[in-house]
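Enquirer: Pasting in a structure now, in C-alpha cells, and then I'll have a few things to ask.
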Amino acid sequence: MRGAPGVRRVLLHCVGSAGDVLPFVAIARALKARGAAPVIATSAWFAPRIEQAGVPALALGSREDYADALQRPGLWHPVRGPRALWSLVVEQLPATLQALEGWLDDRQALLVGSTLGLAVRIAADRGHPRTATVHLSPACLLSAQRPVRMPRLPPLDALPLPLRRCVLDLLDRAAQRMLAPPLDAVRRSAGLPA
C-alpha cells in the first residue's frame, strides 16, 4: 500500500447506523484493491451486508444488541439523542476492546476508526503507531471560519469571528463535561490517564 510501507492488515472499526458503517465497505474494497487485507469490525447487524460485498466482517455484539440499542430511550430525541448515543457507545466500549484485543496489540496493523470508533483512539493513546480516524460527517469538524449549520440552531456564521470562537469554545467545554466522565472510567481501566 502506498504511504504505509509493510501494512497489510487493516482493521476498520465502525460504530453507528448504516450511514456510519456502510461507507467503510467502499474504503475496505479500495484497500483490498491495493493489496491490503481489510476487516470491518462493527455491529453483527451489518456483518451479512459487509460480507456480501466481499469484505470480511468481525461482528461485535449480536443483532439483538443492535435492535435493542435502536429502542434506547432518548436516542432519537433531537436534544437528548447525542447523550443517549454516547452512553451506548461508552457502555459497549469495554466489550469492544476485549473483542478487538488481538488487533489493538498488532503493531504492524493499520487501525482505522469511525468517529465513534473509540477503541482505535484508545489504541493510539496506548502508543499504537498506525492509527487513523475517519469522519464522514462535516458536523464533526468544528470550524469558526466555516461553521456547520445545524438544525434548530441559529447560524453561527452570522456572528463575528471572535464571537464564533467563543461559542465553539463554550460548546466544547460543555461537551467535555458531559462526555468525559464515563469515558474516563474506561480509559482508566485500559491503563490510561483520565
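Enquirer: Skip the ligands, DNA and RNA, and give the accessible area per residue of the range 68-161 with a 1.4 Å probe, whole Å².
Expert: Counting only protein heavy atoms, the per-residue value for the range 68-161 is 61 Å².
Enquirer: Which of the peptides 90-101, 40-51 is most tightly packed, and how do the rest follow, judged by the mean count of other Cβ atoms within 10 Å per residue?
Expert: 40-51, 90-101
Enquirer: Using a 1.4 Å probe on the protein chains only, how many percent of the accessible area of the range 83-159 belongs to carbon and sulfur?
Expert: Values: 2460 of 4430 Å².
Carbon and sulfur together cover 56 percent of it.
Enquirer: Summing -39500 (n - 2.57) over the DSSP H runs of n ≥ 4 in the chain and dividing by its residue number, what mean residue ellipticity at 222 nm do you reach, to the nearest 500 deg cm²/dmol?
Expert: About -14000 deg cm²/dmol.
Enquirer: If you don't mind, another one. Between rounded, prolate and oblate, where does the range 5-69 land on the alpha carbon gyration tensor, with a ≥ b ≥ c its root eigenvalues, rounded for a/c under 1.5, else prolate if a/b exceeds b/c? Don't jump to the answer; show the numbers that get you there.
Expert: Working: a/c = 2.38, a/b = 2.14, b/c = 1.11.
Taking the square roots of the gyration eigenvalues as a ≥ b ≥ c, the range 5-69 is prolate.
Enquirer: When a/c is below 1.5 the answer is rounded, else prolate if a/b is larger than b/c, else oblate, so apply that to the range 98-194 with a ≥ b ≥ c taken from the square roots of the Cα gyration tensor eigenvalues. Can you show the working numbers first?
Expert: Working: a/c = 2.99, a/b = 2.01, b/c = 1.49.
The shape class here is prolate.
Enquirer: Would you please give the residues with an amide H less than 5 Å from that of His13, counting only those at least 5 places away or on a separate chain, with H modeled from the backbone geometry?
Expert: Counting only residues 5 or more places away or on other chains, the set is Ala41, Val112, Gly113, Ser114.
Enquirer: Using a 1.4 Å probe and counting only protein heavy atoms, arrange Ser189, Ser137 so the residue with the most accessible area comes first.
Expert: Values: Ser189 100, Ser137 50 Å².
From most exposed to least exposed: Ser189, Ser137.
Enquirer: If you take the charge dipole of the chain about its Cα centre, with +1 on Lys and Arg Cβ and -1 on Asp and Glu Cβ, which of Gly191, Ser137, Cys166 is farthest toward its positive end?
Expert: Cys166
Enquirer: Please state the charge dipole magnitude for the range 52-194, taken about the Cα centre, from unit charges on C-beta atoms (+1 on K and R, -1 on D and E), reported in debye and rounded to the nearest 20.
Expert: The calculation lands at about 560 debye.
Enquirer: Per residue, what volume in Å³ does the Cα convex hull of the range 106-161 take up?
Expert: Working: hull volume 5.7 nm³, N = 56.
So the per-residue hull volume is 101 Å³.
Enquirer: Can you list, bin by bin at 5 Å, the percent of alpha carbon pairs in the chain, starting at 0?
Expert: 1, 7, 14, 18, 18, 16, 12, 9, 4, 1
Enquirer: Can you order the peptides 77-86, 110-119, 150-159 by their average number of other Cβ atoms within 10 Å per residue, highest first?
Expert: Descending packing order for the listed peptides: 110-119, 77-86, 150-159.
Enquirer: Among Gln92, Thr115, Tyr66, whose Cα projects farthest towards the positive end of the dipole of the chain, with charges put on the beta-carbon of Lys, Arg (+1) and Asp, Glu (-1)?
Expert: Highest projection toward the positive end goes to Thr115.
The values are calculated or read from the model by the stated rules, or taken from the named source; none is laboratory data. Please read all numbers here as calculations on a predicted model, not as lab measurements. We place every Cβ from the backbone using ideal geometry, glycine too, and count neighbours over all the protein chains shown. The accessibility values were calculated without ligands, DNA or RNA, using every heavy atom of the protein model including side chains. Shrake-Rupley method; radii C 1.70, N 1.55, O 1.52, S 1.80 Å.
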